[in-house]
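Beneath this line is the structure, given in structure tokens, with notes to follow.
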Amino acid sequence: MPVHPIHHLSIGTDALNVAKKFYGVLLPALGFDLVFDKDESFGYQREGFEIIVLKGESTADDLYDGKHRVGFDHLALNADSRAMVDECAKLLDEMGAEVDDEPAVVTEYGDDYYAMWVRDPSGLRIEVVYQGA
């Protein structure tokens, strides 16, 4: 297994069962494999990088007290092509996910930056991006 520079990302969610459905559609479409599924967490892996989703509690402040909390700016996931970005948008739209920005070229990041943004079940922003010709 390749060694990725980032070992894993943990995401806290206050809607674990809905998150399992959301990430269960999005991550396999991007080539991730389910590596574990427990009562209060699950994880997917691709090329040595793991995304772990944990049951968490919502919070209105930024205090860290050792509990898993909902929150981060956004997670950007690489797609292998523009068509894959489009396919993810279609799959997520079909399941009723909140798509913030439909697939498009984002010229402020370059003429080859093609991306879409969606909200996971807890409202966390997920970007699916292909950068290339």
Residue in region 91-133 that is surrounded by the most Cβ atoms within 10 Å (Cβ to Cβ), counting only those that are among the acidic types (Asp, Glu) and part of a strand (DSSP E or B): GLU127
Tell me which residues, restricted to region 31-72, are in a loop (DSSP other than H, G, I, E, B), modelled with pLDDT under 95 and within 20 Å of ILE6 (Cα to Cα). GLU47, GLY48, HIS68, GLY71, PHE72
Candidate set from region 94-133 (those that are among the small types (Gly, Ala, Ser) and under 21 Å from LEU54 (Cα atoms)); member that is modelled with the highest pLDDT: ALA97
In the set LEU34, LEU9, LEU26, which member is under 15 Å from ALA76 (Cβ atoms) and touching a helix residue (DSSP H, G or I) at 6+ places or on another chain (Cβ under 8 Å)? LEU26
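The values are calculated or read from the model by the stated rules, or taken from the named source; none is laboratory data. Model, not experiment: these values are computed from the prediction. Quick reminder, even Gly has a Cβ in these numbers, built from the backbone with ideal geometry, and neighbours come from all protein chains shown.
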